[in-house]
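Have a look at the structure below before the remarks.
Read-outs: derived from the displayed coordinates by stated rules, not from any lab. On a predicted model such as this, the values are computed, not experimentally measured, just so you know. Note: ideal-geometry Cβ built from the backbone for every residue, glycine included; neighbour counts use all protein chains shown.
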Amino acid sequence: MERIPVLRMGSLLLITIQVDMHDKLALQLQDDVTERISDWGSTGVLIDISSLEIVDSFIGRMLANIAGMSRVLGAETVVVGMQPAVAITLVELGMSLTGVRTALSVEAGMELLYGNSITGSEDERTEA
Amino acid sequence: MSVQKREVLPVKNSNDVVLARQKVRQLAVELRFSLVDQTKLVTAASELARNALDHGKGGSMTVEVIVNGARSGLKMVFEDQGPGIANIEDALKDGFTTGNGMGLGLGGSKRLVNDFSIETEVGKGTRITAVRWK
Ligand SMILES: Nc1ncnc2c1ncn2[C@@H]1O[C@H](COP(=O)(O)OP(=O)(O)OP(=O)(O)O)[C@@H](O)[C@H]1O
Ligand SMILES: [Mg+2]
């Protein structure tokens with residue numbers, strides 16, 4: 001079955017979403033992420049959505065679900081690389097992605113997560 | 001008002017939702033909508049197609065390139081023969097869902113287009129029309 005790869009980067013997980021998501025893929029990804037966090041003790045999850053051309057309520061819910069489940073398992077999620085047009089549309093759609101932190105790039109996301117694991121600060125939070 | 005182009009696509013499964021999005025993107029590009037406007041159109045199409053599938057038991061999407069005087073636009077019509085919407089006002093409220101969604105699709109897609117109308121009859125089905133003008 002088609003699957004979105006979940007890569008391990010030190011204490012973080014890196015997920016790059018490049019395909020048009022559908023239900024099964026989304027559910028599989030949620031399962032995979034939670035399994036990897038508990039297997040590897042990951043403390044952060046980076047989800048790169050820079051190649052997504054839209055984020056609708058379905059994808060938004062998936063991102064929020066992953067963030068919520070990861071948090072329960074002790075890992076923070078940062079969604080990185082959202083395209084500006086996607087961010088503008090998301091706001092108009094009414095989706096605030098509450099509980100999901102965002103950063104402009106994978107590097108910025110890593111900084112946020114590593115910074116966060118030391119200080120627990122939310123100051124660098126950037127809302128799309 | 002004249003119709004320059006019309007295409008009808010089925011919305012019967014989750015892959016059809018992907019194809020519906022791609023069709024709307026293609027026409028929006030042809031019409032030279034800005035990237036933000038393209039994104040709004042495709043996102044609205046995704047929400048309404050998914051609703052037709054999840055709540056309306058599947059249906060169809062008709063997309064039209066329309067021209068009204070000097071203005072051109074993209075019109076999307078989503079039709080299904082599902083259960084209909086009992087209370088349109090409630091259904092449009094952000095956060096209202098009868099499923100396990102976030103209840104954002106309907107009200108959100110209304111905000112993403114210029115003209116939006118719902119025709120529905122309980123037990124018969126639903127037709128939603130959304131237009132964005134250039
Ligand atoms: N085509 C339809 N046929 C029947 N009922 C519909 C249809 N479209 C929407 N509805 C009703 O309106 C409600 C609100 O729709 P909306 O798209 O806003 O939220 P949702 O689909 O439940 O969740 P979300 O879109 O956020 O994932 C739905 O829960 C459903 O009860
Ligand atoms: Mg919906």
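Mind listing whichever residues of the range A:54-98 are outside any helix (DSSP H, G or I) and within 25 Å of B:T97 (Cβ to Cβ)?
Residues satisfying the conditions are A:I54, A:V55, A:D56, A:T77, A:V79, A:M82, A:G94, A:M95, A:S96, A:L97, A:T98.
Looking at (1) surrounded by 16 or more Cβ atoms within 10 Å (Cβ to Cβ); (2) small (G, A, S); (3) within 10 Å of another protein chain (Cβ to nearest Cβ), find the lone condition where B:S34 falls short.
It is condition (1) that B:S34 fails.
Output the number of residues of the range A:16-63 satisfying the condition of being within 13 Å of chain B (Cβ to nearest Cβ), of a type in the set (D, E) and within 16 Å of A:E2 (Cβ to Cβ).
Total meeting the criteria: 2.
Take B:F78 and decide whether it is out of contact with any Asp or Glu (no Cβ under 7 Å at 6 or more places or on another chain), surrounded by 15 or more Cβ atoms within 10 Å (Cβ to Cβ) and closer than 19 Å to B:R25 by Cβ.
yes
Could you pull out every one of the helices (runs of 4 or more DSSP H) wholly within the range B:27-134 that has 1 or more residues that are under 27 Å from A:S96 (Cβ atoms) and among the β-branched types (V, I, T)?
Qualifying helices (runs of 4 or more DSSP H): B:35-54, B:88-92.
State which residue is nearest to A:G94 (Cα to Cα) when the search covers only the range B:28-49 and only residues that are more than 13 Å from ligand 1 (Cβ to nearest atom), among the polar types (S, T, N, Q) and touching a helix residue (DSSP H, G or I) at 6+ places or on another chain (Cβ under 6 Å).
Going through the qualifying residues, I end up with B:T39.
Say whether the condition of being touching a Ser or Thr at 6+ places or on another chain (Cβ under 9 Å), under 28 Å from B:S34 (Cβ atoms) and within 14 Å of ligand 2 (Cβ to nearest atom) is met by at least one residue in the range B:78-97.
yes
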